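Report on the following structure.
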Amino acid sequence: MFNYFRKELDWAGRKLVLETGKMARQADGAVLVRYGDTVVLATAVADRRVKPGQDFFPLTVHYQEKAFAAGKIPGGFFKREGRPSEAETLKSRLIDRPIRPLFPDGFRNEVQVIATVLCHDMENDPDVAAMIGASAALTLSGVPFMGPIAGARVGYIDGEYVLNPTMEQMATSKLELLVAGTTEGVLMVESEADELPEDVMLGAVTFGHQGFQPVIAAVIELAERAAKEPWPLSEPDPAVAALRAKLADAARAPLAEAYREQVKQARQDKVAAAKKAALETLALEPAEAEKAKGLLKDLEAEIVRNAILDTGLRIDGRDTKTVRPIYAEVGVLPRAHGSALFTRGETQLLAVATLGTGQDEQIIDALEGEYREHFMLHYNFPPYSVGETGRMGSPGRREVGHGKLAWRAIHPLLPEKEKFPYTMRVVAETLESNGSSSMATVCSTSLALMDAGVPLRRPCAGVAMGLIKEDRGFAVLTDILGDEDHLGDMDFKVAGTEAGITSLQMDLKITSITPEIMKIALAQAHEGRMHILGEMAKSMTAARNDVAKNAPRITIIHIPKDKIREVIGTGGKVIREITEVTGTKVDIDDDGTIKVAATDEKAAKAAIDWIRGIVAEPEIGVIYDGKVVKTAEFGAFVNFLGSRDGLVHISELLPGRVNKTTDVVNVGDSVKVKVIGFDERGKVKLSMRVVDQATGADISDQVGPKGGRGHGERGHGERGHGERGHGERGERRERGDRPDHTEAAE
């Protein structure tokens, strides 16, 4: 029934299985990948027709996680998977980046790759399996794909590289690096590191590349048995070659002159004018004019690339290592908790930091389980930043990816949550863009957080590197422009501190690069990063000593675990009252840690005193403020220390004789009471007569012991209000109508 094929190998201590022919058989290519007990189905389908006028390669990659893979039912009203999560979006990009360069130039057929997580063992991240599955599915599909590729995760634990560490091992790793490539070289790198040196990062890339070679061999073996017939590639069109020659004669000189303009907007205008003039001169037919647009792009790339290799000078006149002029300023927004404006050439970022409490943490429902994130970085790229009009909507894949790259760069430098218990959100607004706004985001975010008083371990900066590679040589470019990114062969981004790298990302547009080129790029990036850090230091070198005045101040106190219920109260009544009355935010952890946040120091003190009053134990001889909550013939019940009640016997109301309790106090009166003891059941005995109600001073030595028959030991203690008078008969009489909150005190 099934034309079933299977390939199995041991890889990094676990079994990797590739299967095809059983599932999704109508797809051009479908491979089921199992690594450990994590299972991913990857499919590839290509449209054999090209849409008229299609001038780009329409490749889409979708990574999707199904809740059943972790034995869960989705939350929400509809109880089904919804829009892609941030993690799914990032992993879709992770697969797209290494496979995109491996389709031939000029291929315009729509290709769709879908990787579906069917099972997650909570040990092996599905992204590696999904990447391998996508590569295998494309290799089997017959579409012109110059793969296969494979990918691997690399950790760095106790000074040793670890291939595909488990999720538990990653908790102790100083590095999380995902690398993908072919047998020839590396195509993609994504990483977060704990300030590691360049040689360690380069070693990790090499280690990962060597580590996934057996997987590429396995995919090739599977393809030899199960691959479909390859699609025929179209022969070069002589008419296109002739058109290319005409365009070169008409446009080469004007385009070369246009690219000598160093100002971006003026250069774009001159390039557009040169193209328009060339097309008008040639008077092409509509169909030829459409083809000419793509050929002119190729001509632009040739002009720019050759100029750099021939002269060592770039579009804006810089050499290959110089960073554009930098201007940095902090505190640019008066009411923001922290803000920074970072300008590098024609790229400008405004980062704004906001501090919140634990209630502001982002709750993330992942396959691995629900967790909270206390640091968020949101990157925006409005169309005006490049002088264009465009659609404004929710963030796209690019915005999510750039924000996450900057997040990875800053994340290792954040203070421990126990020492700095704030939730932090940074919004990075791209105000101008001409190359590497993501690395400008790293710089501006670092400054904004320090301006907000976040004690980062060290300032962090990032720089983007480019590559021009031809048969006759190559050039590595520091701090690339937008045109150099578009027309070059590599986008290599390195972020870190003066102590080491915190994040590294690399994407190639060619089939691979050598370790030599990577080493040169890392060395140049280090020089560039040090220069940028020096320029940033002119505005700020370390975090402010305190958070902004209008930011919440968080005070941490600890209470016994058995007192948590008393602070929260029934249905949250007590904690709600504390926050409403004092205007503070109160977070309570299961271990008894309480965080009180307020912009007003007095409000925070009031809330803390309230909480401490609830959890404190009454001490004999100590005077407390209280409120009368009930009166009776034999005395008054007073609430003190939060929700605690005690009895002021009628004989303890005043130094002299008292005929009636309500002659002295009534419900709602504020009084000062002294703890004079506990009865046999542990209930608190209070006294007002030994406390000066005006000053709260102890006047025991002035009033002396209780006296007189009416309120003495016998008058009220034995007969009047003592154990028999009210302790037995009186207590039974009162019990039926006594409020709940007085039972404990009695």
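Here, each number is a calculation from the coordinates, and none is a lab measurement. This one's a predicted model, so the numbers in the text were calculated from it and none came from an experiment. Quick reminder, even Gly has a Cβ in these numbers, built from the backbone with ideal geometry, and neighbours come from all protein chains shown.
Based on the Cβ-Cβ distance of His558 and Leu309, what FRET efficiency does E = 1/(1 + (r/R0)^6) give at R0 = 56 Å, to the nearest 0.05?
Numbers: r = 65 Å, r/R0 = 1.16.
Given R0 = 56 Å and the Cβ-Cβ separation, E is 0.30.
Work out the length of the dipole vector of the chain about its Cα centre, built from +1 on the beta-carbon of each Lys and Arg and -1 on the beta-carbon of each Asp and Glu, and round it to the nearest 20 debye.
On the way: 95 positive and 111 negative charges, 328 e Å.
Roughly 1580 debye for the chain.
Considering the options Gln693, Phe145, Ala273, tell which one lies farthest towards the positive end of the dipole of the chain, charges being +1 on Lys and Arg and -1 on Asp and Glu at the Cβ, about the Cα centre.
Going by the Cα projections, it comes out as Gln693.
Got a sec to turn the phi values of segment 457-470 into Karplus ³J(HN,Hα) couplings, 6.51 cos²θ - 1.76 cosθ + 1.60 with θ = phi - 60°, whole Hz, x for Gly and Pro?
Values per residue, Gly and Pro as x: 4, 7, x, 10, 9, x, 9, 9, 10, x, 9, 10, 10, 10 Hz.
Give me P(r) over segment 563-630, computed from all C-alpha to C-alpha distances, binned every 10 Å, as integer percentages.
Computed distribution, short to long bins: 19, 50, 28, 4.
Label-point separation (nm) for Lys246 and Lys509, each offset 7 Å from Cα along Cα-to-Cβ?
Modelled inter-label distance: 2.6 nm.
Would you pull out the residues with amide H under 5 Å of Lys630's amide H, same chain only if 5 or more places away, H placed 1.01 Å from N?
Phe637
What's the magnitude of the charge dipole for segment 511-640 around its Cα centre, counting Lys and Arg as +1 and Asp and Glu as -1 at the beta-carbon? Answer in Debye, nearest 20. Mind showing how you got there, number by number?
On the way: 18 positive and 19 negative charges, 68 e Å.
Magnitude of the dipole: close to 320 debye.
Can you give me the three principal axis dimensions of the chain from its C-alpha atoms, in Å, biggest first?
Projected onto its principal axes, the Cα set of the chain covers 125, 67, 50 Å.
Hey, what's the Kirkwood Rh for segment 462-616 if you take every pair of different alpha carbons, in angstrom?
Details: mean 1/r = 0.0495 Å⁻¹.
For segment 462-616, inverting the mean 1/r across all distinct Cα pairs yields 20.2 Å.
Using the Karplus equation 6.51 cos²θ - 1.76 cosθ + 1.60 (θ = phi - 60°), what ³J(HN,Hα) coupling, rounded to whole Hz, does each residue of segment 75-90 give in order, writing x for Gly and Pro?
For segment 75-90, the Karplus-derived couplings read x, x, 6, 7, 6, 8, 4, x, 5, x, 6, 4, 4, 5, 4, 5 Hz, x marking Gly and Pro.
Quick one: of Lys174/Lys404; Lys51/Lys91; Lys22/Lys174; Lys91/Lys595; Lys7/Lys66, which pairs are farther than 30 Å apart, Cα to Cα? Let's see the in-between values first.
Details: Lys174/Lys404 18 Å; Lys51/Lys91 28 Å; Lys22/Lys174 40 Å; Lys91/Lys595 36 Å; Lys7/Lys66 25 Å.
Checking Cα-Cα distances, Lys22/Lys174; Lys91/Lys595 exceed 30 Å.
So which trypsin sites (Lys or Arg not before Pro) in segment 423-480 pass both tests, a DSSP loop state and at most 14 other Cβ atoms within 10 Å of the Cβ? Mind dumping the intermediate values first?
Numbers: sites: Arg425, Arg457, Lys469, Arg472; in loops: Arg457, Arg472.
Hits after loop and neighbour filter: Arg472.
Compute the helix-to-body angle for 573-582: its Cα long axis versus the longest principal axis of the chain, expressed 0 to 90° and rounded to tens.
Long axis of 573-582 versus the principal axis of the chain: about 80 degrees.
What do you get for Rg/Rh over segment 238-311 if you use C-alpha atoms and the Kirkwood form of Rh? Could you put the intermediate results ahead of the total?
Numbers: Rg = 12.3 Å, Rh = 12.6 Å.
In segment 238-311, Rg relative to Rh is 0.98.
Just to check I understand the Karplus step: with θ = phi - 60° and J = 6.51 cos²θ - 1.76 cosθ + 1.60, what whole-Hz values come out for segment 609-626, glycine and proline as x?
Per residue, the Karplus-derived 3J(HN,Hα) values read 4, 4, 5, 4, x, 5, 8, 6, 9, x, 10, 4, x, 8, 9, 10, 7, x Hz.
Taking the radius of gyration and the Kirkwood hydrodynamic radius from Cα positions alone, what is the Rg/Rh ratio for segment 37-142, to two decimal places?
Working: Rg = 15.3 Å, Rh = 14.9 Å.
Result: Rg/Rh = 1.03.
Would you mind checking the tilt of helix 437-451 against the longest principal axis of the Cα atoms of the chain, expressed as 0 to 90 degrees and rounded to 10?
20
In the P(r) worked out for segment 5-226, what percent of Cα pairs fall beyond 28 Å? Intermediate results must be reported in sequence, preceding the final value.
On the way: 7025 of 24531 pairs.
The share of Cα pairs beyond 28 Å in segment 5-226 comes to 29 percent.
Under 5 Å between amide H atoms, partner at least 5 residues away or on a different chain: which partners does Cys119 have, H built in plane at 1.01 Å?
Val39
Add -39500 (n - 2.57) for each DSSP H run of 4 or more in the chain, then divide by its residues: what number comes out at 222 nm, to the nearest 500 deg cm²/dmol?
-9500 deg cm²/dmol
Between Ala537 and Arg612, how high is the FRET efficiency from 1/(1 + (r/R0)^6) when r is the Cβ-Cβ distance and R₀ = 41 Å? Nearest 0.05. Before the final figure, lay out the partial values.
On the way: r = 43 Å, r/R0 = 1.06.
Once the sixth-power term is evaluated, E becomes 0.40.
Quick one: dipole size for segment 436-576, taken about the Cα centre, charges +1 on Lys/Arg Cβ and -1 on Asp/Glu Cβ, in debye to the nearest 20.
Numbers: 17 positive and 17 negative charges, 269 e Å.
Value, rounded to 20: 1300 debye.
Expressed in whole Å with the largest first, what are the equivalent ellipsoid semi-axes of segment 326-536 derived from the C-alpha gyration tensor as the square root of 5 times each eigenvalue? Present the calculation step by step, with values, prior to reporting the outcome.
Working: eigenvalues 170, 71, 64 Å².
Equivalent ellipsoid of segment 326-536: 29, 19, 18 Å, largest first.
From the residues Ser539, Asn550, Ile564, which one has its Cα farthest along the dipole of segment 537-633 in the positive direction, the dipole being from +1 and -1 charges on Cβ of Lys/Arg and Asp/Glu about the Cα centre?
Ser539
Work out the charge dipole of the chain with +1 on the Cβ of Lys and Arg and -1 on the Cβ of Asp and Glu about the Cα centre, then indicate which of Ala136, Ser385, Phe5 is farthest towards its positive end.
Going by the Cα projections, it comes out as Ser385.
What residues qualify as long-range amide H neighbours of Met188, i.e. H under 5 Å apart, gap of 5 or more or another chain, H built at 1.01 Å from N?
Amide H neighbours of Met188: Ala180.
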